[in-house]
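Taking it in order: structure first as structure tokens, then the write-up.
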Amino acid sequence: MNIVLLGAPGAGKGTQAAKLIEEYGLTHISTGDMLRAAVKEGTELGLQAKKYMDAGDLVPDDVIIGLVTERLSQPDTANGFILDGFPRTTAQAVALDAELGKLERPLDAALLIDVKPEVIVNRLCSRRMCRECGYIGSVADAVCPVCGGEMYQRDDDNEATVRNRLDVYEKSTSPLIDYYRGCDLLVSIDGDRDVDVVYADVKEALQ
Ligand code: AP5
Ligand code: ZN
């Protein structure tokens, strides 16, 4: 099963991806996680990406397309993958189609997790992540409930940056909803409900 997860920042893509991975053993390809790892390691890519990420702007298409193309060539993606946070522009979607065509591994679905902007600002300003295992939680988690690790706030989870990320989503990424509708791959799910209720719909959509 090869899936694209679409949705605004904070819609719950990472939260739903974690559940799908656990249940179906798919490979998680999160461009945001890959970029944050590069920033942490201080690589050339990380140095280049950090200024865009801190401002809530998109990293240039050629950089991201190269990163994902390389990732898709790795053997652990052959049994199915979830793309989380990619594609984010029409150019990225076109490049992805071309690459998956070459690999003869077409997409099975583009799942849109749909949540209104007002809900998102609150969610992201109170999100906390585990430094050790990547668990996605909230300000209510003093330590990670999975591994006991330290919870931290992402540099781009402040109100001003979140509002810019939402504008960037509206302008650059939301056209992909029509793009995937046109390919007959789009399934839209109301993401403003309990996590497990959303997940039940995600699973049903993939049957
Ligand atoms: P990225 O890391 O992809 O961030 P994002 O798209 O902004 O998405 P988030 O990780 O913020 O949100 P999410 O939808 O995964 O929500 P989550 O499950 O955590 O990208 C970061 C940056 O990297 C970009 O700004 C850009 O600079 C760069 N970048 C990445 N990919 C790129 C690309 N392809 N091209 C160019 N640049 C790129 O949930 C959020 C919170 O809500 C959590 O606290 C969670 O616990 C809570 N929550 C989740 N579901 C629910 C629910 N149903 N009810 C209540 N709370 C919920
Ligand atoms: Zn943890």
Task: Residue satisfying all of: in the range 141-158; assigned to a loop (DSSP other than H, G, I, E, B), touching a residue at least 12 places away in the same chain (Cβ under 8 Å) and more than 8 Å from ligand 2 (Cβ to nearest atom); farthest from the chain's Cα centre (by Cα) among these - done: 141
- [ ] Run residue 63 past the list (1) at pLDDT below 95; (2) assigned to a helix (DSSP H, G or I) and report the number of the one that doesn't hold.
- [x] (1)
Open item on the list: Can you find a residue that is away from ligand 2 (no atom under 16 Å from the Cβ), buried (at least 17 other Cβ atoms within 10 Å of the Cβ) and without any contact (Cβ under 8 Å) to a residue 40 or more places away in the chain anywhere in the range 19-28?
Closed with: no
Task: Qualifying residues in the range 108-121 (those that are under 16 Å from the mean Cα position of the chain (by Cα) and outside any helix (DSSP H, G or I)) - the one farthest from residue 159 (Cα to Cα) - done: 109
Open item on the list: Here is a check on your reading of the model: is residue 40 over 17 Å from the mean Cα position of the chain (by Cα) and assigned to a helix (DSSP H, G or I)?
Closed with: yes
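Can you tell me which residue within the range 1-18, out of those that are part of a helix (DSSP H, G or I) and not hydroxyl-bearing (Ser, Thr, Tyr), is nearest to ligand 2 (Cβ to nearest atom)?
Of the range 1-18, the ones part of a helix (DSSP H, G or I) are 13-18.
Cutting the leftovers down to not hydroxyl-bearing (Ser, Thr, Tyr) gives us 13-14, 16-18.
On the way: 13: 19, 14: 14, 16: 18, 17: 16, 18: 12 Å.
Top of the filtered list is 18.
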Open item on the list: Tell me the residue from 111, 103 that is closer than 29 Å to residue 62 by Cα, away from ligand 2 (no atom under 16 Å from the Cβ) and in contact (Cβ under 8 Å) with a residue 60 or more places away in the chain, please.
Closed with: 111
Open item on the list: Looking only at the range 175-201, how many residues end up being without any contact (Cβ under 8 Å) to a residue 12 or more places away in the chain, within 15 Å of ligand 1 (Cβ to nearest atom) and either part of a helix (DSSP H, G or I) or surrounded by 13 or more Cβ atoms within 10 Å (Cβ to Cβ) (or both)?
Closed with: 4
Open item on the list: Just to be sure before I move on: is residue 32 more than 30 Å from residue 160 (Cα to Cα) and not hydrophobic (A, V, I, L, M, F, W, C) in the structure I sent?
Closed with: no
Open item on the list: Of all residues being among the charged types (D, E, K, R) and more than 8 Å from ligand 1 (Cβ to nearest atom) in the range 127-157, which is farthest from residue 32 (Cα to Cα)? Just the residue, please.
Closed with: 141
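Looking at the range 80-111, which of the residues that are farther than 17 Å from residue 31 by Cβ and of a type in the set (A, V, I, L, M, F, W, C) is farthest from ligand 1 (Cβ to nearest atom)?
103
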- [ ] Would you confirm whether any residue within the range 127-139 is in contact with a Leu (Cβ under 9 Å, 6 or more places away or on another chain) and more than 17 Å from residue 13 (Cβ to Cβ)?
- [x] no
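Of all residues in the range 47-60, which are in a helix (DSSP H, G or I), more than 6 Å from ligand 1 (Cβ to nearest atom) and farther than 19 Å from residue 152 by Cα?
Those that are in a helix (DSSP H, G or I), more than 6 Å from ligand 1 (Cβ to nearest atom) and farther than 19 Å from residue 152 by Cα: 47, 48, 49, 51.
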Task: Test result for residue 124, in a helix (DSSP H, G or I), within 20 Å of residue 84 (Cβ to Cβ) and more than 16 Å from ligand 2 (Cβ to nearest atom) - done: yes
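The values are calculated or read from the model by the stated rules, or taken from the named source; none is laboratory data. Bear in mind the structure is a predicted one, so any value in this text is a computation, not a measurement. Cβ atoms come from the backbone with ideal geometry, glycine included; neighbour counts cover every protein chain shown.
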